[in-house]
Amino acid sequence: MRVLVIGGTQFIGRRLVAALSKGGHDVSILHRKPEHDLGKKVHNLQADRNDAAQMKSALAGKSFDTVYDMVYDWDRGTPATVVESTARMLTGNVGRYIFMSSVAAYGDGLNHHEGDALASDDHPDRYVRNKAQSERALFRLHQRHGTPAVTIRPPFVYGPGNPFYREQYFWDRLRDKRPVILPGDGRRLMQFSFVNDLVWACMRAAEAPNAIGHAFNIANARPLTQAEVLDALFAASGKQAEVVRVPRERIMRAGGHPMGPNLYFGVYFDLPPVTMVISKAQRVLGLKPTPFTDGLKETYKWYVRHHQKKVLDYSFENQLLAKERSRLAS
């Protein structure tokens with residue numbers, strides 16, 4: 001199978017390229033740089049995804065059995081117009097166009113099925129807006145022009161090589177014998193997708209007979225509370241830490257932010273919950289999610305071998321902890 005991965009040099013895309021290459025497929029990646037480190041068998045196409053002229057030049061005369069659209073430009077955003085332009089260029093020259101979306105496309109709410117409405121065009125969060133609009137654009141192309149679109153919607157993706165400071169955030173604190181802050185009452189829900197499961201689903205979506213024209217939620221079946229997530233992270237490492245609950249309003253008043261710099265619970269790990277139902281992916285793709293505990297154990301092994309821990313500044317956490325302990329003592 002001739003495959004193009006748009007992106008392919010980071011986390012999910014990197015593991016997808018490795019799996020495709022191992023499966024004997026003819027793989028190309030498209031990214032901004034003139035070379036990559038993914039092996040000699042992987043072809044390189046150079047273009048700025050947000051530049052239509054560069055994309056047209058890079059894709060001219062080429063056809064693929066499957067295209068995986070994996071890239072998102074966190075600095076500039078990847079708007080729906082960019083995704084739609086690429087899909088239009090490839091329509092008629094691609095067997096399947098598989099777009100990596102996100103649970104964020106729903107905007108908010110719990111227990112979403114794939115047929116639920118996506119976030120509105122005026123949603124205040126750019127990432128949410130771009131993912132929802134991109135999906136709508138792709139399915140319009142499918143309906144009007146036969147573009148063989150498939151979209152994948154994961155929640156928090158975890159696993160070996162995660163570039164976001166998420167699982168590592170907690171394990172760094174365990175290694176430093178630090179207490180861990182739990183915002184609020186710890187009941188806020190989170191849902192996860194193991195990177196290996198996500199890669200498997202992407203590959204399966206390229207061959208499943210009834211996948212074209214559909215979106216798929218790819219995740220562990222059961223959302224977890226933040227308190228349960230901490231228990232699982234501790235169990236995977238075989239270490240324990242003191243957990244200190246700090247009311248969210250106090251964290252925010254002190255300057256805490258889920259993205260940083262005053263990080264208190266891993267990058268973006270403390271967001272209003274958006275959860276999903278995965279029965280469609282189980283039925284159509286045959287998805288069998290890796291148990292969260294098993295995926296975390298594999299991730300922790302990678303962390304121990306590869307994670308380069310920096311000297312961390314705990315002053316903000318110390319401030320929160322001191323205030324909370326003082327309040328409790330009084």
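If you take every DSSP beta bridge whose two residues both sit in segment 2-153, what share of them, in percent to the nearest 5, is antiparallel? Counting DSSP beta bridges with both partners in segment 2-153, the antiparallel share is about 0 percent. Taking Cβ atoms as reference points and 12 Å as the exclusive limit, the residues near Ala18 contribute a net charge of +3, counting Lys and Arg as +1 and Asp and Glu as -1.
Residues in segment 176-220 near a label at Ala227, defined as backbone nitrogen under 20 Å from the 7 Å Cα→Cβ point? Under cut-off, by backbone N: 179-192.
Note on Asp65/Arg140: beta-carbon distance plugged into 1/(1 + (r/R0)^6) with R0 of 25 Å gives a FRET efficiency of 0.60.
When the Gaussian network model of the chain links Cα atoms closer than 10 Å, the mean-square fluctuations of Gly184, Gly115, Gly213 top out at Gly115. Database remark: amide H of Val157 closer than 5 angstrom to the amide H of Ser193 (H placed geometrically; neighbours at sequence offset of 5 or more, or on other chains; Pro and chain starts carry no H).
Label positions at Asp172 and Asp125, each projected 7 Å from the Cα along the C-beta direction, are separated by 2.3 nm.
With unit charges on the beta carbon (Lys/Arg positive, Asp/Glu negative), name the residue among Ser85, Val244, Ala53 whose Cα is farthest towards the positive pole of the charge dipole of the chain. Going by the charge dipole, the pick is Val244.
Suppose we keep just the DSSP beta bridges with both residues in the chain; what percent of those would be antiparallel, to 5?
Within the chain, antiparallel bridges account for around 5 percent of the total.
Modelled this way, with points 7 Å down the Cα-to-C-beta line, the labels at Lys297 and Asp73 are 4.3 nm from one another.
Other residues with beta-carbon under 12 Å from the beta-carbon of Ile251 carry, at +1 per Lys or Arg and -1 per Asp or Glu, a net charge of +1. Between 0 and 90 degrees, the angle of helix 195-205 with respect to the longest Cα principal axis of the chain falls at about 20 degrees. With K and R counted +1 and D and E -1, the other residues having a Cβ less than 11 Å from that of Leu198 yield a net charge of +2. As an equivalent ellipsoid, segment 2-153 spans semi-axes of 25, 16, 15 angstrom, where each value is the square root of five times an eigenvalue of the C-alpha gyration tensor, largest first.
Laboratory data are not the source of any read-out in this text; all were calculated from the coordinates shown. Just so we're clear, the structure is a prediction, and the values are computed from it rather than from any experiment. Using ideal geometry, Cβ is built from the backbone for each residue, glycine included, and neighbour counts are taken over all protein chains shown.
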